[in-house]
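Visitor: Below is one structure. I have some questions about it.
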Amino acid sequence: MFRSVKQNFEGMLYIFPSFLLFAIFVFYPMVRTGYLSVHMTDFQGNPTNFIGLEHFRYLLEDVNFQQSVKATLLFVLYTVPPTIIIALSLALLANEKVKGIQLFRTLFSSTLGMSVAASSVIWMFMYNPAIGVINRIIAALGGEERQWLLNPDTALIAAAVATVWMNIGFAFLILLGGLQNIDSSLYENAKIAGVSYMYQLRRITIPLLSPTLFFVTTVSLIHAFQTFGQIDILTKGGPMNATTVIVYSIYREAFINYNFGFASAQAVVLFFIVLLVTIVQFAVVERKVHYQ
Amino acid sequence: MIELVQIGKSYDGKTFVVDDVNVRIEKGEFFVLVGPSGCGKSTLLRMIAGLEPITSGSLRINGKEMNDVPPSERNLSMVFQNYALYPHLTVEENITFGLHTKKISKQERKKRCMEAAEMLGLTDYLKHKPRQLSGGQRQRVALARAIVAQTPICLMDEPLSNLDAKLRAKMRFEIRQLQQQLGITMIYVTHDQIEAMTMADRIMVMNGGRVQQIGEPLDVYNHPANIFVASFIGSPAMNMTKADVLEQSLIFNRERIMRLAHRFPLETKNITIGVRPEHIRLANKNDPYFTVKVVNVERLGTETLITFALTKKEHWIARWNGQCSVRVGDEVPVTIDEQHVLFFNEAGERLYMGVGDDYVSFRETKF
């Protein structure tokens, strides 16, 4: 009995440092956010009076918030599937044994090493209507120049394209790692059996890569729901709120309008949306995953 | 019939990991490639399968050059060392994998799968996933997959190396039986000389990318072409010792002398002699003999392995039938018939001597 108490204490001692970090940077903010979301706050973010679920009731009717939920869902749709499909295609290419393939592997994963801010600035210049390379190429091909980031119809897509570019590095690297983990003799056996490339892809690669694909999809989804940096730099939520995703809306509510309680309520809603999506991922999609 | 003509493999264009392999494998033959790890046997097999490009030479199957023919058109099947089973497919799907490409009807596929499963005792497991099977059962699934393709040639790359000793012995027999039953040409790679000896019609011993000897197992055992083959085939290994030649005598480490009935050519100075453990026997009354001191005794039940000191530096092993009562430290008289002594030159090649019913006489000597 004495020994087990001592062992417990020892175990807790080992966990303590990481628990402390989590407590300060994750648990406390979470609890605080929940607390603030049911209060009115002053300009410094101090709760003034308890209002219950008033913020949430208001959120349901708020057209702006509905618009930001819609923008977020569209943004997720525009970024996650393209990222996965492009990264998977690149990983399949880079997994071939060709001379100098290492160079391509480095290139394809290089966006992983760039910060969101730096890449956003690069894309901002590329989208620039006057000096941007994108309009120049379109003009050279005889197309119609556009104000990509200032047009409500194209702004969200433009931001999504930049985001896909930024996220490819990470997804590519993880998927390539997954591909390289597949036993080469499985492909050799397929070679001897003489099945086509598409059959191999469908029958061997995708099923055996499914744990990795599942991981990348889940992480990308969560990531996409939490997008902020590139929106702040490229469009500041505009034009006409077309790119105001939930996190940007939270930021604006809290640090521009100083409405911390209302911002916290939005954060709580976002938390439950992400939680729900992740639960659905695990409940529905994971069933199709083949763990070895 | 498979013909390999001066087959070579090089990755960097300079050093050859497989060099100048020439062999003809007959239809229906069980042909074993045997050698230590890294000797190039698996590479050679993979070249025959088409999984590795052939650097030089020519591979012919039934007279047709196959160097640049894709694996699927070589009309062969292959069993991999790790079985290469698809973990997400059932046993049945694994067995019939790829059959659709050969334009075989669904019923025929099902029929072949059932036949193969029955032959290998897998009928109850067709709906299982590979991870639910034991090592031996997975091995059988891999075999079944090779069978259902009904190809005339089957390649196997160390298929038994992941099994325990008892199962291995059983599978040796089963694979051999299967091969004979179906009349397929088998090329089988192993590093285990017991597998090579027990299963093969002919074996090819390889070392360092080069063919050391090709022949029937017993032929290779009795007449090894060089030191490598002599020491690689047989367990316990052949006793080998370097000796100085002095006219008709061999001198071991200046301790023992051995008189021969034959003269060596004058220029021979150093040779290596080899004697199989079973050819060292207890001397009878009238035999010339030499006494040796026993260092270790291993009684295996049916036979006894006796390690004795030939010289201060070298130990030899003798294998005697039954359960001998020799004890460590005993001095025993032993003898060797000269017809069983093999000689190798300094380069390790076999020296052939006129062999009659001569004897060898050892005696202690002091210089």
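Visitor: Would you please name the GluC sites (Glu not before Pro) within region B:4-69 that are DSSP coil residues with at most 12 other C-beta atoms within 10 Å of their C-beta? It would help to have the intermediate numbers written out before the result.
Guide: Numbers: sites: B:E26, B:E29, B:E65; in loops: B:E26, B:E29.
Listed in order of number, the matching sites are B:E26.
Visitor: In region B:239-364, with Lys and Arg counted as +1 and Asp and Glu as -1 at Cβ, which of these residues, B:F252, B:N321, B:V292, has the Cα nearest the positive end of the dipole, that is, farthest along it?
Guide: Positive-end residue among those listed: B:V292.
Visitor: Continuing with this model, one more query. Would you mind ranking A:V280, B:V21, B:V297 so that the residue whose beta carbon has the fewest other beta carbons within 10 Å leads the list? Let's see the in-between values first.
Guide: Numbers: A:V280 12, B:V21 23, B:V297 17.
So the residues, fewest neighbours to most, are A:V280, B:V297, B:V21.
Visitor: Specify whether the C-alpha gyration tensor of region B:158-293 places it in the rounded, prolate or oblate class, a ≥ b ≥ c being the square roots of the eigenvalues: rounded for a/c under 1.5, otherwise prolate if a/b is larger than b/c and oblate if not. Provide the component values of the computation, followed by the final result.
Guide: Values: a/c = 2.88, a/b = 2.10, b/c = 1.37.
The shape class here is prolate.
Visitor: Go ahead and set up a Gaussian network model of chain B, Cα springs under 10 Å, then flag whichever of B:P217, B:P277, B:P333 fluctuates most.
Guide: B:P333
Visitor: Applying the Karplus parametrisation 6.51 cos²θ - 1.76 cosθ + 1.60 with θ = phi - 60° to the phi angles of region B:109-125, what ³J(HN,Hα) value in whole Hz is obtained for each residue in order, glycine and proline being reported as x?
Guide: The phi angles translate into 4, 4, 5, 4, 4, 5, 4, 5, 4, 5, 4, 10, x, 10, 3, 6, 10 Hz.
Visitor: How long are the three semi-axes of the equivalent ellipsoid for region B:77-126, computed from the Cα gyration tensor as the root of 5 times each eigenvalue, in whole Å, largest first?
Guide: Numbers: eigenvalues 58, 43, 22 Å².
That gives 17, 15, 10 Å for the three semi-axes.
Visitor: Here's a follow-up. Taking the Cβ of B:S134 as the centre, find all other residues whose Cβ is under 12 Å away and add up their charges (Lys, Arg: +1; Asp, Glu: -1). Kindly include the intermediate steps, with their values, before the conclusion.
Guide: On the way: positive: B:R131, B:R138, B:R140; negative: B:D164.
The answer is +2.
Visitor: Out of region A:1-104, which GluC sites (Glu not before Pro) are coil in DSSP terms and have no more than 12 other C-beta atoms within 10 Å? Mind dumping the intermediate values first?
Guide: Details: sites: A:E10, A:E54, A:E61, A:E96; in loops: A:E96.
Those that pass, being in a loop and sparsely packed, are A:E96.
Visitor: Here's another thing I want to ask about it. Where nothing but the Cβ of Lys and Arg (+1) and of Asp and Glu (-1) is charged, how large is the charge dipole of region B:239-364 around its Cα centre, in debye to the nearest 20?
Guide: Details: 17 positive and 18 negative charges, 65 e Å.
Computed about the Cα centre, the dipole is about 320 debye.
Visitor: Then there is this: Residue-wise, which Karplus ³J(HN,Hα) couplings in Hz belong to region B:33-47, taking 6.51 cos²θ - 1.76 cosθ + 1.60, θ = phi - 60°, and x for glycine or proline?
Guide: After applying 6.51 cos²θ - 1.76 cosθ + 1.60, I find 9, 10, x, x, 5, x, 8, x, 5, 5, 4, 4, 4, 5, 5 Hz.
Visitor: Give the angle, between 0 and 90 degrees and rounded to the nearest 10, that separates the Cα long axis of helix B:165-182 from the longest principal axis of the Cα atoms of chain B.
Guide: With both axes taken from Cα atoms, the answer is about 60 degrees.
Visitor: What percent do you get for the relative contact order of chain B when only Cα pairs under 8 Å and 6+ apart count? Before the final figure, lay out the partial values.
Guide: On the way: 742 pairs, mean separation 55.8, N = 367.
Value for chain B: 15 percent.
Visitor: Right, something else. Only counting other Cβ atoms within 10 Å, I'd like B:L160, A:L90, B:L167 sorted with the fewest neighbours first. List each step's numbers first, then the result.
Guide: Numbers: B:L160 24, A:L90 21, B:L167 15.
Taking fewest neighbouring Cβ atoms as first place, the list is B:L167, A:L90, B:L160.
Visitor: Normalising by the residue count of chain A, find the relative contact order in percent from Cα pairs under 8 Å and 6+ residues apart.
Guide: Values: 331 pairs, mean separation 83.8, N = 292.
Contact order relative to length: 29 percent.
Visitor: Give the value in nm², to one decimal: projected area of the alpha carbon convex hull of chain A, averaged over all directions. Before the final figure, lay out each step's value.
Guide: Numbers: hull surface 93.5 nm².
In nm², the orientation-averaged hull projection of chain A is 23.4.
Visitor: What size of dipole, in debye to the nearest 20, comes out for chain A about its Cα centre when the only charges are +1 on Lys and Arg C-beta atoms and -1 on Asp and Glu C-beta atoms?
Guide: 780
Visitor: Find the centroid of the Cα atoms in region B:71-143 and in region A:251-292, then give the distance between the two in whole Å.
Guide: One Cα centre to the other: 45 Å.
Visitor: Wrap a convex hull around the Cα atoms of chain B, take a quarter of its surface area, and give that in square nanometres.
Guide: 22.7
Visitor: Something else: Consider just the alpha-carbon atoms of region A:30-152 and return their Rg together with their Dmax, both in angstrom.
Guide: When restricted to the Cα atoms of region A:30-152, Rg and Dmax are 22.6, 68 Å.
Visitor: For region B:149-220, calculate the relative contact order in percent as a whole number, restricting contacts to Cα pairs under 8 Å that are 6 or more residues apart. Could you put the intermediate results ahead of the total?
Guide: Working: 69 pairs, mean separation 19.9, N = 72.
Relative contact order for region B:149-220 comes out at 28 percent.
Visitor: Rounded to the nearest 20 Debye, what is the dipole magnitude of the protein assembly as shown about its Cα centre when Lys and Arg each give +1 and Asp and Glu each give -1 at the C-beta? Spell out each step's value before the answer.
Guide: Numbers: 64 positive and 57 negative charges, 127 e Å.
Taking the Cα centre of the protein assembly as shown as origin, the dipole is about 620 debye.
Visitor: Between A:I131 and A:V63, what FRET efficiency comes out of the Förster formula 1/(1 + (r/R0)^6) with R0 = 30 Å and r the beta carbon distance, rounded to 0.05? Spell out each step's value before the answer.
Guide: On the way: r = 36 Å, r/R0 = 1.21.
Efficiency for this residue pair is about 0.25.
Visitor: Peptide A:217-225: average number of partner chain Cβ atoms within 10 Å per residue? Walk me through the numbers before you get to the answer.
Guide: Values: counts 0, 0, 0, 0, 0, 0, 0, 0, 0.
Counting Cβ atoms of other protein chains within 10 Å of each residue's Cβ and averaging gives 0.
Visitor: Step through the residues of region B:287-292 one at a time and calculate ³J(HN,Hα) from phi using the Karplus curve (6.51 cos²θ - 1.76 cosθ + 1.60, θ = phi - 60°), rounding each to whole Hz and writing x for Gly and Pro.
Guide: Whole-Hz 3J(HN,Hα) from phi for region B:287-292: 5, x, 9, 9, 8, 10.
Visitor: Rank the residues B:I280, B:I257 as a footprinting-exposure proxy: fewest other Cβ atoms within 10 Å of their Cβ go first.
Guide: Numbers: B:I280 23, B:I257 20.
Final ranking by Cβ density, sparse to dense: B:I257, B:I280.
Visitor: Another question, if that's okay. Could you compute Rg(Cα) / (2.2 N^0.38 Å) for region B:104-213, with N its residue count?
Guide: Details: Rg = 15.2 Å, N = 110, 2.2 N^0.38 = 13.1 Å.
With N residues counted in region B:104-213, Rg over 2.2 N^0.38 Å equals 1.16.
Visitor: So for each of B:140-146, A:191-197 I average, over its residues, the number of other beta carbons within 10 Å; can you give me the resulting order with the highest mean first? Could the numbers behind the result be given before it?
Guide: On the way: B:140-146: 26.0, A:191-197: 17.7.
By packing density, highest mean first, the sequence is B:140-146, A:191-197.
Visitor: For B:Q213, enumerate residues with amide H under 5 Å from its amide H, sequence gap 5+ or separate chain, H modeled in the peptide plane.
Guide: Amide H to amide H, under 5 Å and 5 or more residues apart or across chains, B:Q213 pairs with B:V205.
Visitor: Given H placed 1.01 Å from N in the peptide plane, which residues other than close sequence neighbours of B:M78 have an amide H under 5 Å from its amide H?
Guide: B:L155
Visitor: Would you mind putting B:121-128, A:207-214, B:227-234 in packing order, based on average other-beta-carbon counts within 10 Å, highest first?
Guide: On the way: B:121-128: 15.0, A:207-214: 19.5, B:227-234: 22.0.
Going by the mean number of other Cβ atoms within 10 Å, highest first, we get B:227-234, A:207-214, B:121-128.
Visitor: For the protein assembly as shown, what Kirkwood radius comes out of the mean inverse Cα-Cα distance, in Å? Working shown, then result.
Guide: Numbers: mean 1/r = 0.0312 Å⁻¹.
Value: 32.1 Å, from the Cα pair sum.
Visitor: Would you please give the residues with an amide H less than 5 Å from that of B:L351, counting only those at least 5 places away or on a separate chain, with H modeled from the backbone geometry?
Guide: Under 5 Å from the amide H of B:L351 lie the amide H atoms of B:F343, B:F344, B:N345, each far enough along the sequence or on another chain.
Visitor: Could you give the distance between the Cα centres of region B:268-291 and region B:233-257, to the whole Å?
Guide: Comparing the Cα centres of region B:268-291 and region B:233-257, I get a distance of 9 Å.
Visitor: Related question: Which of B:L310, B:L300, B:L178 moves the most in a Gaussian network model of chain B with Cα springs under 10 Å?
Guide: Among B:L310, B:L300, B:L178, the largest mean-square fluctuation in the Gaussian network model of chain B belongs to B:L300.
FYI, it's all coordinate maths here, none of it is from the lab. These numbers were taken from a predicted model, which means no experiment stands behind them. Neighbour counts are summed over all protein chains in view; Cβ atoms, including those assigned to glycine, are modelled from backbone coordinates with ideal geometry.
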